1. State which residue is surrounded by the fewest Cβ atoms within 10 Å (Cβ to Cβ) when the search covers only the stretch 186-211 and only residues that are among the small types (Gly, Ala, Ser) and under 29 Å from Ala249 (Cα atoms).
2. When you check Met21 against the structure, is it surrounded by fewer than 17 Cβ atoms within 10 Å (Cβ to Cβ) and not charged (D, E, K, R), yes or no?
3. Which of the following residues is over 30 Å from Trp28 (Cβ atoms) and either at pLDDT 75 or above or basic (Lys, Arg) (or both): Ser272, Ser219?
4. Hey, can you tell me all the residues within the stretch 127-172 that are more than 24 Å from Phe78 (Cβ to Cβ), touching a residue at least 40 places away in the same chain (Cβ under 8 Å) and part of a helix (DSSP H, G or I)?
5. What about Phe52, is it more than 30 Å from Met211 (Cβ to Cβ), hydrophobic (A, V, I, L, M, F, W, C) and not in a helix (DSSP H, G or I)?
6. Taking the conditions exactly as written (over 19 Å from the mean Cα position of the chain (by Cα), surrounded by 15 or more Cβ atoms within 10 Å (Cβ to Cβ) and in a loop (DSSP other than H, G, I, E, B)), does Tyr183 satisfy them or not?
7. Please determine whether any residue of the stretch 101-112 is of a type in the set (A, V, I, L, M), touching a helix residue (DSSP H, G or I) at 6+ places or on another chain (Cβ under 6 Å), surrounded by fewer than 19 Cβ atoms within 10 Å (Cβ to Cβ) and under 30 Å from Tyr146 (Cβ atoms).
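The values are calculated or read from the model by the stated rules, or taken from the named source; none is laboratory data. Keep in mind that this is a model prediction, so the values were computed, not measured. Neighbour counts are summed over all protein chains in view; Cβ atoms, including those assigned to glycine, are modelled from backbone coordinates with ideal geometry.
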Amino acid sequence: MRISKLRLGAGYTALIIISGMFIIPFLWLIRSSLMDLSQIFTMPPEWIPRPFHWDNFQRALTFLPFDTFFRNTTIIVFSVLIGTVLTSSIAAFGFSRIEWRGRDTVFAILMTSMMLPAAVTIIPSFLGWQKLGFYDSFYPLIVPAYFGGGIFNIFLLRQFYLTIPLDFDEAAYVDGATYFQIYMRIILPLSRSAIIVVALFSFLASWNDFMGPLIYLKSDNLFTLALGLQMFQGTYTAQWDLLMAASAAVVLPCVIVFLLGQRYFLEGITLSGLKG
């Protein structure tokens with residue numbers, strides 16, 4: 001009994017330490033966003049702003065056209081979100097609920113693409129979009145989401161679909177249902193938690209994407225929030241107080257979305273690996 005209590009206490013201690021490692025940088029961001037530039041790097045560091053500079057947020061968000069950056073980011077994020085959820089769920093349905101020759105072989109080949117570093121495809125992808133005339137537009141950032149939605153999302157949904165009994169499909173076939181009707185009326189309603197997980201992943205990845213907009217966007221009026229934050233840093237100096245305030249404002253939607261969907265996030269991640 002005593003040994004089990006010691007193990008339990010050691011486990012909680014480790015969790016507290018690990019949680020602190022993630023929380024401290026976030027707290028540093030918040031305190032820096034409310035400080036004057038001279039206070040941020042004082043030694044020893046101060047954790048409580050004296051006074052609180054709430055005007056940093058107004059200055060940061062009006063210093064650059066963040067309304068334009070927010071609109072551009074919103075257009076990209078929700079377009080990618082729709083495409084990812086739609087196409088990855090359909091592809092996962094085909095790999096898990098429909099029998100066709102070579103299905104498992106094709107899926108295994110697609111899974112190997114996850115081992116391919118993203119840096120390898122940057123130059124060919126850029127040249128392809130440039131030849132198509134879509135450089136400096138949102139198309140390179142949105143269109144790929146409508147061609148499968150990413151192999152990881154397909155894998156995640158496929159594993160979840162495999163936990164749904166095939167008896168449901170067979171009963172629907174007897175009643176004359178088509179594949180599309182089974183997908184819409186049986187699979188999707190039963191896969192809400194997994195769909196929400198994919199939507200969360202897609203939202204966070206697209207909202208925080210920096211490399212994609214940096215490569216494909218050139219015009220300032222097309223910049224996203226991630227590129228807008230970079231504009232606070234110059235060659236020789238940076239406006240750290242405004243950068244921290246703008247960063248806190250940009251991070252806030254991600255925190256809200258995760259808090260609202262964390263229950264489905266944990267449930268979907270847990271159930272998606274029960275069968276394979």
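1. Residues of the stretch 186-211 that are among the small types (Gly, Ala, Ser), as a first pass: 191, 193-194, 199, 202, 205-206.
Pick out the ones that are also under 29 Å from Ala249 (Cα atoms) and you get 193-194, 199, 202, 205-206.
Values: Ser193: 19, Ala194: 26, Ala199: 20, Ser202: 23, Ala205: 15, Ser206: 21.
Per the stated criteria, the residue is Ala205.
2. Details: surrounded by fewer than 17 Cβ atoms within 10 Å (Cβ to Cβ): yes; not charged (D, E, K, R): yes.
Judged against the criteria, Met21 is a match.
3. Values: Ser272 fails: either at pLDDT 75 or above or basic (Lys, Arg) (or both).
Selected residue: Ser219, the only one of Ser272, Ser219 that is over 30 Å from Trp28 (Cβ atoms) and either at pLDDT 75 or above or basic (Lys, Arg) (or both).
4. Arg158, Gln159, Tyr161, Asp169
5. Values: more than 30 Å from Met211 (Cβ to Cβ): yes; hydrophobic (A, V, I, L, M, F, W, C): yes; not in a helix (DSSP H, G or I): yes.
When the stated conditions are applied, Phe52 passes them.
6. Details: over 19 Å from the mean Cα position of the chain (by Cα): yes; surrounded by 15 or more Cβ atoms within 10 Å (Cβ to Cβ): yes; in a loop (DSSP other than H, G, I, E, B): no.
For Tyr183, the condition - over 19 Å from the mean Cα position of the chain (by Cα), surrounded by 15 or more Cβ atoms within 10 Å (Cβ to Cβ) and in a loop (DSSP other than H, G, I, E, B) - is not met.
7. Narrowing the stretch 101-112 to residues of a type in the set (A, V, I, L, M): 106, 108-111.
In the following step, the residues that additionally are touching a helix residue (DSSP H, G or I) at 6+ places or on another chain (Cβ under 6 Å) were identified as 110.
Filter once more, keeping what is surrounded by fewer than 19 Cβ atoms within 10 Å (Cβ to Cβ): 110.
With under 30 Å from Tyr146 (Cβ atoms) added as a condition, the list becomes 110.
Yes.
Quick grid of which residues meet (1) free of Cβ contacts under 8 Å to residues at least 40 places away in the same chain; (2) under 23 Å from Cys254 (Cβ atoms); (3) in a loop (DSSP other than H, G, I, E, B); (4) not assigned by TED's automatic domain parsing to the domain that holds Gln230:
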{"site": "Ser4", "(1), (2), (3), (4)": "yes, no, no, yes"}
{"site": "Met35", "(1), (2), (3), (4)": "no, yes, yes, yes"}
{"site": "Met43", "(1), (2), (3), (4)": "yes, no, yes, yes"}
{"site": "Asn72", "(1), (2), (3), (4)": "no, yes, no, no"}
